[in-house]
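The values are calculated or read from the model by the stated rules, or taken from the named source; none is laboratory data. Owing to the predicted nature of the structure, the values given are computational and were not obtained by experimental measurement. Cβ atoms come from the backbone with ideal geometry, glycine included; neighbour counts cover every protein chain shown. To get the accessible areas, we keep the full protein, side chains included, count just its heavy atoms, and leave off ligands, DNA and RNA. Shrake-Rupley method; radii C 1.70, N 1.55, O 1.52, S 1.80 Å.
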Amino acid sequence: MEGVMQTDAKMRTESGAESSPRAPGCSLRHFACEQNLLSRPDGSASFLQGVAEKSRERLIRNTCEAVVLGALHPRTSITVVLQVVSDAGSLLACCLNAACMALVDAGVPMRALFCGVTCALDSEGTLVLDPTAKQEKEARAILTFALDSVERKLLMSTTKGLYSDAELQQCLAAAQAASQHVFRFYRESLQRRYSKS
Amino acid sequence: QLDQRFWAPTCDCLRTVEPLEYYRRFLKENCRPDGRELGEFRTTTVNIGSISTADGSALVKLGNTTVICGIKAEFAAPPTDAPDKGYVVPNVDLPPLCSSRFRSGPPGEEAQVASQFIADVIENSQIIQKEDLCISPGKLSWVLYCDIICLDYDGNILDACTFALLAALKNVQLPEVTINEETALAEVNLKKKSYLNIRTHPVATSFAVFDDTLLIVDPTGEEEHLATGTLTVVMDEEGKLCCLHKPGGSGLTGAKLQDCMSRAVTRHKEVKKLMDEVIKSMKPK
């Protein structure tokens with residue numbers, strides 16, 4: 001599975017990685033990642049996960065600003081450009097993951113990695129992690145969290161719909177557990193990339 | 001090493017030169033320069049129904065932050081995919097008069113984010129059932145334009161806007177509309193007005209995170225600027241959350257979030273009590 005954006009075939013470093021289709025105990029969908037696929041930018045990544053705009057931009061920007069060590073690069077502008085290739089649900093979480101991987105690929109110093117996880121609560125109160133577009137539409141509430149890799153603290157949260165405090169804690173705990181899988185995937189993906197070059 | 005002169009916490013030089021250090025000295029004593037405790041809100045006042053040309057209005061003051069909300073009701077054709085629903089269109093305006101950080105021209109990012117936030121609160125909390133705004137399915141419905149204008153910006157704009165919106169919606173009176181069978185025109189009876197059916201009362205509570213650890217409630221403009229993160233919780237009277245808005249910033253543990261929730265519950269009671277008192281004082285009939 002390769003999401004390819006060919007700008008200059010010569011310069012492109014192939015470093016794809018794919019997670020196992022059904023990791024036991026994890027209800028996230030299959031994801032794949034490819035890095036350094038664009039020649040012009042300093043770093044780039046495509047993050048494929050499972051098959052409102054100023055607000056979303058601001059959320060992603062603020063999350064990046066919280067982890068990037070900006071003090072090491074004064075008078076520098078870091079532009080993160082996210083292009084949606086296809087949307088099959090959990091878009092914001094996918095954008096966050098792509099942004100993190102791209103920042104790592106570019107070599108930007110960060111104090112932690114971050115990942116995005118989306119939870120959907122249906123009318124009975126059942127929790128579904130990483131919902132598809134259909135599940136999102138039918139859900140009573142959708143909660144998207146960005147968690148950091150060091151202590152799994154909550155960096156960013158945006159929610160839609162009505163839910164109780166107990167459900168929030170439940171979703172947060174589930175998201176923290178799921179984030180482990182995403183961070184492990186980052187690690188594997190990067191290991192594979194650097195072992196080749 | 002700081003000069004001995006700077007040790008006095010009331011010295012204004014420190015406030016301008018090293019604002020974060022100035023604040024830290026107060027936060028160490030669990031209080032803030034304006035004398036408030038970490039969990040204390042500024043004095044909140046609300047004035048309902050002050051704009052006579054609007055169908056509903058409210059002015060909210062949270063310390064120095066002043067926000068006014070005016071609601072106008074107009075007719076519109078209902079959306080084709082939901083012919084039995086009306087519209088609620090919020091808009092938050094942060095004009096240059098409220099703070100020097102805003103320039104005139106198209107709405108800046110902060111205004112757009114605030115507008116989106118209010119739209120989300122209306123949508124998530126179901127404060128008004130859009131079906132209540134329908135006059136004749138598929139033909140005519142009400143559209144409520146909610147204009148929220150900030151008159152003075154001193155931090156915590158989201159709490160003030162949410163409160164102003166809620167108070168203004170409680171003040172809205174819509175006239176009775178009947179569709180004439182023969183002419184198919186709408187006939188408005190201005191003498192017979194009724195209040196909107198407000199189903200829930202969402203109240204926003206905002207926090208600022210300092211130095212990645214300390215949480216303070218109701219940040220002023222200066223505190224927001226120095227903070228490393230912000231969090232806004234919107235809760236209704238049953239303790240259900242309509243919005244947990246944390247746009248990046250320092251991380252929070254689950255336990256800290258729990259503290260925020262409990263503070264939000266008490267704030268909801270304070271705001272509801274204030275609003276009920278004001279509305280009761282307004283009704284002479």
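Compute the longest continuous run of chain B that contains no exposed GluC sites (Glu not before Pro); treat a site as exposed when its DSSP state is not H, G, I, E or B and it has at most 15 other Cβ atoms within 10 Å. Result, exposed sites excluded: B:41-180. When the GluC sites (Glu not before Pro) in the range A:113-149 are filtered for DSSP coil states and for at most 15 other beta-carbon atoms within 10 Å of their beta-carbon, the remaining sites are A:Glu124.
Using a Förster radius of 41 Å, what is the FRET efficiency between B:Ile179 and B:Asn47 based on their Cβ-Cβ separation? Nearest 0.05, please. The value I calculate is 0.70.
Specify whether the C-alpha gyration tensor of the protein assembly as shown places it in the rounded, prolate or oblate class, a ≥ b ≥ c being the square roots of the eigenvalues: rounded for a/c under 1.5, otherwise prolate if a/b is larger than b/c and oblate if not. Note, shape of the protein assembly as shown comes out oblate. The residues of the range A:78-173 present an accessible area of 40 Å² per residue when probed at 1.4 Å with all protein chains retained. Translational diffusion of the range B:64-159, estimated by Stokes-Einstein from the Kirkwood radius over alpha carbon pairs at 37 °C in a medium of 0.692 mPa s, is 226 µm² per second. Charge tally around B:Gly254: other residues with Cβ under 12 Å, Lys/Arg +1 each, Asp/Glu -1 each, net 0. Dipole of chain B computed with +1 at Lys/Arg Cβ and -1 at Asp/Glu Cβ about the Cα centre; of B:Ser104, B:Phe163, B:Ile279, farthest Cα towards the positive end is B:Ile279. Using the alpha-carbon centroid of each, what span in Å lies between the range B:257-285 and the range A:86-146? Between the Cα centres of the range B:257-285 and the range A:86-146 lies a distance of 34 Å.
Note on B:102-112: average number of Cβ atoms from other chains within 10 Å of each residue's Cβ is 1.
Using only the alpha carbons of the range A:45-197, what is the convex hull's orientation-averaged projected area in square nanometres? Taking the Cα atoms of the range A:45-197, their convex hull projects to 9.8 nm² on average. For the range B:139-238, the Kirkwood estimate of hydrodynamic radius, built from reciprocal distances between every pair of different alpha carbons, is 16.8 Å. Per residue, the convex hull spanned by the Cα atoms of the range B:11-282 amounts to 148 cubic angstrom. On the range B:11-282, 51 percent of the accessible area sits on carbon and sulfur atoms, based on a 1.4 Å probe. Entry note, chain B: relative contact order of 17 percent, from Cα contacts under 8 Å with a spacing of 6+ residues.
Between B:Asn124, B:Asn47, B:Asn189, the GNM of chain B built on Cα springs shorter than 10 angstrom shows B:Asn189 fluctuating the most. Per-residue mean of foreign Cβ neighbours for A:62-71 is 3 (Cβ atoms of other chains, 10 Å radius). Ranking B:Ile128, A:Tyr163, B:Gly138 by how far each Cα lies toward the positive end of the dipole of the protein assembly as shown (charges on Cβ) leaves A:Tyr163 at the top.
Basic side chains Lys and Arg get +1 at the Cβ, acidic Asp and Glu get -1 at the Cβ, and with that the dipole of the protein assembly as shown about its Cα centre reaches some 440 debye. Buried between A and B is an accessible area of approximately 2400 Å², summed over both sides with a 1.4 Å probe. Note on chain B: GNM, Cα springs under 10 Å; of B:Ile48, B:Ile127, B:Ile179, the largest mean-square fluctuation is that of B:Ile179. Each other residue within a Cβ distance under 14 Å of B:Lys139 adds +1 if Lys or Arg and -1 if Asp or Glu, for a net charge of -2.
What number comes out for the charge environment of A:Ala71, summing +1 per Lys or Arg and -1 per Asp or Glu over other residues with Cβ under 13 Å away?
Around A:Ala71, the charge tally is +1.
The lysines whose alpha-carbon is closer than 24 Å to the alpha-carbon of B:Lys193, local same-chain residues fewer than 8 away aside, are B:Lys72, B:Lys85, B:Lys130, B:Lys139, B:Lys170, B:Lys280, B:Lys283, B:Lys285.
In loop segments of the range B:99-178 as defined by DSSP, the trypsin sites (Lys or Arg not before Pro) with at most 14 further C-beta atoms inside 10 Å of their C-beta are B:Arg101, B:Arg103, B:Lys139. Peptide A:162-175 shows a mean partner chain C-beta count of 4 within 10 Å per residue C-beta.
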